[in-house]
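Here is the structure we will look at.
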Amino acid sequence: MTDTTTPAATDATGPVVVRTTRASRAAAVVALPVVALLAALPYLVAPNITRLLVGLFTLVLLATMWNLLAGYGGMISVGQQGFIGIGAYAVLVADLIGVNPYLGLALAAVGAAVLALPTALLVFRLHGGYFAIGTWVVAEVYRLVTVEFRAVGGGSGASVTGLSVFPPVLRGAITYWCALGAAVLAVGGVYLLMRSRLGLGLTAIRDEPTAADSLGVRVRAAKRVVFVVAAAGCGLAGALIAVDSLRVQPDSIYSVQWSAFMIFMVVIGGLGTIEGPVVGAVVFFAIQQLLEPYGVWYLVVLGVVAIAAALVARRGLWGLLTLDRDVRLLPTGYRLRP
Amino acid sequence: MTWVNAVVQGLLLGGVYALFACGLSLVFGVLRIVNLAHGDLTVLAAFLALVATSTLGLNPVLALVVVVPVMAALGFALQRLLLHRSLRAGELAPLLVTFGLSIVLQNALLQTFSADTRSLPAGDFGTAGLELGGGIAVGWLGLSTLVVAVAVLAGLQLVLARTPIGRAMRATSDDPETAALMGLDDRRVYAVATAIALATVALAGVFYGMRGTFTPTLGPQLLIFAFEAVIIGGLGSLWGTLLGGLVLGVAQTVGAQIQPTYGVLAGHLVFLVVLAARPSGLLRREEVR
């Protein structure tokens, strides 16, 4: 992250436009060693810890994707489980035709993105809440069509067998690195995307679509890009879930529960920021681990917290942590410095 | 003859869907909120009726006397406590709040009543029917559901067209600020609309519970069916909602006739075809400007 200071005016003494903040420069210095340490974890800690972290990284990936859709694209989707399911089944198909399931991860992202194009054509005819349920219907169609295929186990699902060639410890480490890479790629990718020209357009669309349109932002095209990228990310997450659990079961992989998780993480963490969903994912993961023994009550608690956050703390935990002082570790906007 | 039967049964099934859909349609029409907890509220009504039948020993139809007012009161409270605030908290807030409510209701029901499959005991009313000859029988329950659906939609239409509160709802729906300037209390209008919507939800929940089985996690499925009926028929048209419900019901039974697992899928596909070919629905009310 270099200092991208550009002069705002030809007058050298005038204010300058900066794209970094002090916090972001500090974050950039800290980020690299942290990621390096995380990458080295399989050599340092027991496999059950890295196994847990695979779950956390998958949640970070999912939350980041849902935030891209809702927080930046203004699209509330309740159907991302459709792409999660497609991603998981891409791993199964790769396994069936004898391709290494880890290569299935790439296949999953690409497959979900390709499927997102015709899906966008249909669901973009709906707006607001009806868009939300429309994506849900499409996800149901994916599920119902998937269970008609006997080759991938029909209604009961199938196991990923191709990974048995790896010794368990190595398999765990590779899955961990894939998950870490995917989470870093997602957060970094969304950061770069939002700093680009497209990101500026998206921010305008989120704030006021009609005004953005009249200023020449290609609203539909921008939204389509977001929808396809989010689908690819969710497909990748589904594939990670498949290679981690080694089993794909249609009712659980296509469950609307995933959408609930994504919404809770993003709303509790802070919608429309890049840091918020990551914080939300960590908090959600902690609550899930702590309250899991008490059955699904944790979802009731999270639902109540999410409702409260949507009503009174719209900037979520990130807003509360930074006392609404607009602290950005990953700033996307342009700031004026006198 | 089996095909004719499938269509007849589909029309009866469509009555249930139309009944599901009119509450969703009303809340969207007046408050401009898509209530993502609609299906779970329907399931809640069915469970309330279950409790009423088992503790008070009431017939499910009589249980309506209890369930409908309770759900209407719940609707009033829901609007006052949650939805009205969410309307002021930005464009996305109503969706986030109703989805949160959906998850809360679903999981609270799951913890309270377990995942067991339930049904409301309808007795002879649920099984007896009218023989039309040629192997086609029309169940009394299905027929009365369809009649109730038509009656509810006609009643709503009348209320909206002819009564002061209906006029207030239309005015608030068209332009809340101007309506408020004219002295309408939008909080009250919204709360009454939500109460009426949840009363229809109570009817839908009880009739569905007598007709088949339900579980705490059925809500999302019901929401999707209600939504499909609304979109197939056309947003903003109550008769369109009835038509949408009937089309969806027929699509499902005919699909299931081809192969049992195709029923729900056929309904979804008809919905997607309508969305692709006629996105404003079959009976879109013409906008008069």
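The values are calculated or read from the model by the stated rules, or taken from the named source; none is laboratory data. What you see is a predicted model, and the numbers here were worked out from it, not measured in a lab. When we count neighbours, we look across all protein chains shown, and the Cβ atoms used for this are built from the backbone with ideal geometry, even at glycine.
Structure values in brief
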{"item": "Flag for B:D124 being over 30 Å from A:V267 (Cβ atoms), at pLDDT 85 or above and not β-branched (V, I, T)", "result": "no"}
{"item": "Elements of type helices (runs of 4 or more DSSP H) contained in segment A:225-316, each with 1 or more residues being buried (at least 18 other Cβ atoms within 10 Å of the Cβ) and within 12 Å of chain B (Cβ to nearest Cβ)", "result": "A:257-269, A:297-312"}
{"item": "Residues that are over 13 Å from the mean Cα position of the chain (by Cα), among the β-branched types (V, I, T) and under 19 Å from A:K223 (Cα atoms), drawn from segment A:165-208", "result": "A:T203, A:I205"}
{"item": "Condition broken by B:S54, with the remaining ones in (1) in contact with a helix residue (DSSP H, G or I) (Cβ under 7 Å, 6 or more places away or on another chain); (2) under 20 Å from B:Y208 (Cβ atoms); (3) part of a helix (DSSP H, G or I); (4) polar (S, T, N, Q) satisfied", "result": "(1)"}
{"item": "Segment B:226-237: number of residues that are crowded, with 24+ Cβ neighbours inside 10 Å and either modelled with pLDDT of 90 or more or within 12 Å of chain A (Cβ to nearest Cβ) (or both)", "result": "7"}
{"item": "Failed item in (1) facing chain B (nearest Cβ under 10 Å); (2) within 23 Å of A:V267 (Cβ to Cβ); (3) touching a residue at least 40 places away in the same chain (Cβ under 8 Å), with A:L68 passing the rest", "result": "(1)"}
{"item": "Residues of segment A:143-163 classified as within 10 Å of chain B (Cβ to nearest Cβ) and either part of a helix (DSSP H, G or I) or out of contact with any Gly (no Cβ under 8 Å at 6 or more places or on another chain) (or both), total", "result": "5"}
{"item": "So A:G199, is it of a type in the set (G, A, S), modelled with pLDDT under 90, in contact with a strand residue (DSSP E or B) (Cβ under 7 Å, 6 or more places away or on another chain) and more than 30 Å from A:Y43 (Cα to Cα)", "result": "no"}
{"item": "Residue in segment A:174-195 that is within 13 Å of another protein chain (Cβ to nearest Cβ) and of a type outside the set (A, V, I, L, M, F, W, C) present", "result": "no"}
{"item": "Matching residues in segment A:118-134 - criterion: being touching a Phe, Trp or Tyr at 6+ places or on another chain (Cβ under 9 Å) and part of a helix (DSSP H, G or I)", "result": "A:T119, A:A120, A:V123, A:G129, A:Y130, A:F131, A:A132, A:I133, A:G134"}
{"item": "Those residues of segment A:190-214 which are without any contact (Cβ under 8 Å) to a residue 60 or more places away in the chain and either surrounded by 19 or more Cβ atoms within 10 Å (Cβ to Cβ) or farther than 13 Å from A:P331 by Cα (or both), in sequence order", "result": "A:R197, A:L198, A:G201, A:A204, A:D207, A:E208, A:T210, A:A211, A:A212, A:D213, A:S214"}
{"item": "Residue satisfying all of: in segment B:95-105; touching a Ser or Thr at 6+ places or on another chain (Cβ under 9 Å) and at pLDDT 90 or above; farthest from the other protein chains (Cβ to nearest Cβ) among these", "result": "B:T98"}
{"item": "Number of the condition not met by A:I174 [criteria: (1) out of contact with any Lys or Arg (no Cβ under 9 Å at 6 or more places or on another chain); (2) among the aliphatic types (A, V, I, L, M); (3) without any contact (Cβ under 8 Å) to a residue 12 or more places away in the chain]", "result": "(3)"}
{"item": "Candidate set: segment A:222-236, residues that are aliphatic (A, V, I, L, M) and more than 11 Å from the chain's Cα centre (by Cα); chosen: the one farthest from A:E208 (Cα to Cα)", "result": "A:V228"}
{"item": "All positions within segment A:240-272 that are touching a Pro at 6+ places or on another chain (Cβ under 8 Å) and farther than 23 Å from B:T98 by Cα", "result": "A:A242, A:V243"}
{"item": "So B:L218, is it among the aliphatic types (A, V, I, L, M), modelled with pLDDT of 90 or more and crowded, with 24+ Cβ neighbours inside 10 Å", "result": "no"}
{"item": "Options B:A128, B:A108, B:A137, B:A115; residue that is facing chain A (nearest Cβ under 7 Å) and at negative phi", "result": "B:A108"}
{"item": "Enumeration of residues in segment B:238-280 that are within 11 Å of chain A (Cβ to nearest Cβ) and either farther than 21 Å from B:N5 by Cβ or of a type in the set (D, E, K, R) (or both)", "result": "B:H268, B:L269, B:F271, B:L272, B:V273, B:V274, B:L275, B:A276, B:A277, B:R278, B:P279, B:S280"}
{"item": "Flag for A:G104 being within 21 Å of the chain's Cα centre (by Cα), buried (at least 21 other Cβ atoms within 10 Å of the Cβ) and within 14 Å of chain B (Cβ to nearest Cβ)", "result": "no"}
{"item": "Residue, surrounded by the most Cβ atoms within 10 Å (Cβ to Cβ), within segment A:33-61, restricted to residues that are within 12 Å of A:A281 (Cα to Cα) and touching an Asp or Glu at 6+ places or on another chain (Cβ under 9 Å)", "result": "A:T58"}
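Yes or no, residue by residue, for (1) in contact (Cβ under 8 Å) with a residue 12 or more places away in the chain; (2) away from every other protein chain (no Cβ under 14 Å); (3) crowded, with 22+ Cβ neighbours inside 10 Å:
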| position | (1), (2), (3) |
| --- | --- |
| B:G15 | yes, yes, yes |
| B:C22 | yes, yes, yes |
| B:S54 | no, yes, no |
| B:N59 | yes, yes, no |
| B:L74 | yes, yes, no |
| B:L78 | yes, no, yes |
| B:L82 | yes, no, no |
